[in-house]
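The values are calculated or read from the model by the stated rules, or taken from the named source; none is laboratory data. Just so it is clear, the model here is predicted, and its values are computed rather than measured. Using ideal geometry, Cβ is built from the backbone for each residue, glycine included, and neighbour counts are taken over all protein chains shown. Surface areas here come from the heavy atoms of the whole protein model, side chains and all, with no ligands, DNA or RNA. Shrake-Rupley method; radii C 1.70, N 1.55, O 1.52, S 1.80 Å.
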Amino acid sequence: MTSTDTKQASTAPASKDGGEDKINWFAEMRGLALMLLAVLAFHSLVAKPFYIPSTSMMPTMWVGDRLVVSKYPYGWSWASASFHLLPRGEWRIMPDTPEYGDIVIPVHPVRDEDYIKRVVALPGDTIEVAEGQIILNGTPIKREQVPDIRIPFEPELTCEAGPCLNNFEPYRVTGEDGRDYFKMEAYRETLPNGATYLTIDHRQQRLDNFGPYTVPAGNVFVMGDNRDESADSRAAAEARGLGGGIPLENIGGRAEFITFSLDGSTTWNPASWFSSLRPDRAWSTLRPPIADGYETEE
């Protein structure tokens, strides 16, 4: 092949019509839009990730836990849509009612802000809290003190108001391994269906006494497992609480399990997360166990 032939070959048209191939930007954007729509649909209808930003559910969930929330257990409503894209309404599709002990994602009654709390009373129940003791329909639930729990001292964890664990400072001790921990009194509560879980209640405060309050039809009553650091159904909406019963259409899903957890010692760069992982928390279920002597529903 001569040099002239080589030059002609190198300048040959790249397409049959004599022009260069062009990117079909419409097709590219359509493909991207369909992919984003599929992700949004999955997040809204099936499951989505959730991050724990506060201490309100300790000791069950720690700041820095990443978990999976399923969207379908109680049906779908405006609260199911990720990013709160739908207007508020009273409708539900394939509705169901949470069970005692479920950890749910209620939306604040005024602000489009997701909370995470535990269901402790169902529609029609009368609930009262007296010195930290839950009384359901006139009967105190089972509540027993268990051995103290240890929560690691992690000073780099930050919450909205600053370091997350400052309120635990009076309970800080040094363990046999030379590391600092918060040694906290803990209680095991058991609800009428046998759902059992740990709580901490380390000081006297206003929300230790509440009610009696009858949960309206179509509502549930929720509380945080950290009874002294939780703005929940006991607290007024104006005080960042949930203002009593939660309409079922305001519940966006149920917490299922922890995927991984970070102690706050690294940056937002995922490449740095390995050194801050809490390996013993990964894949922990968030469904409450059923205490001995109780039958589970089929």
Within region 110-139, tally of residues that are small (Gly, Ala, Ser), over 23 Å from residue 62 (Cβ atoms) and open to solvent by less than 40 Å² (accessible area, probe 1.4 Å): 2
Could you list, in sequence order, all residues of region 237-265 that are among the aromatic types (Phe, Trp, Tyr) and touching a helix residue (DSSP H, G or I) at 6+ places or on another chain (Cβ under 9 Å)? 260
Answer yes or no: is there a residue in region 44-63 that is assigned to a helix (DSSP H, G or I) and either open to solvent by 20 Å² or more (accessible area, probe 1.4 Å) or of a type in the set (S, T, N, Q) (or both). yes
How many of the residues in region 228-255 are surrounded by 22 or more Cβ atoms within 10 Å (Cβ to Cβ), of a type in the set (A, V, I, L, M) and not in a loop (DSSP other than H, G, I, E, B)? 4
What number goes with the only condition from (1) open to solvent by less than 90 Å² (accessible area, probe 1.4 Å); (2) modelled with pLDDT of 95 or more that residue 142 does not pass? (1)
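Here are some residues: 102, 148. Which one is open to solvent by less than 10 Å² (accessible area, probe 1.4 Å) and under 20 Å from residue 196 (Cα atoms)?
Criteria check complete, one pass: 102.
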Considering region 256-281, residues that are surrounded by fewer than 21 Cβ atoms within 10 Å (Cβ to Cβ) and under 15 Å from the mean Cα position of the chain (by Cα), and then whichever is nearest to residue 59 (Cα to Cα), we arrive at 281
Counting only residues that are of a type in the set (A, V, I, L, M) and outside any strand (DSSP E or B), which one in region 102-136 is farthest from residue 202 (Cα to Cα)? 110
Residues of region 68-90 satisfying the condition of being under 20 Å from residue 100 (Cα atoms) and either charged (D, E, K, R) or open to solvent by less than 40 Å² (accessible area, probe 1.4 Å) (or both): 68, 69, 70, 71, 73, 74, 75
Scan of region 203-227 for residues that are under 30 Å from residue 183 (Cα atoms) and open to solvent by less than 50 Å² (accessible area, probe 1.4 Å), ordered by number: 205, 207, 208, 210, 221, 222, 223, 224, 225, 226, 227
Does residue 99 count as part of a strand (DSSP E or B) and among the acidic types (Asp, Glu)? no
Complete set of residues in region 173-202 that are open to solvent by 80 Å² or more (accessible area, probe 1.4 Å) and either touching a Pro at 6+ places or on another chain (Cβ under 8 Å) or closer than 16 Å to residue 147 by Cα (or both): 179, 183, 185
Could you identify the single residue in 149, 141, 134 that is among the aliphatic types (A, V, I, L, M), more than 14 Å from residue 246 (Cα to Cα), touching a Ser or Thr at 6+ places or on another chain (Cβ under 9 Å) and touching a residue at least 40 places away in the same chain (Cβ under 8 Å)? 141
Please enumerate the residues belonging to region 103-142 that are of a type in the set (Ser, Thr, Tyr) and in contact with a Gly (Cβ under 8 Å, 6 or more places away or on another chain). 126
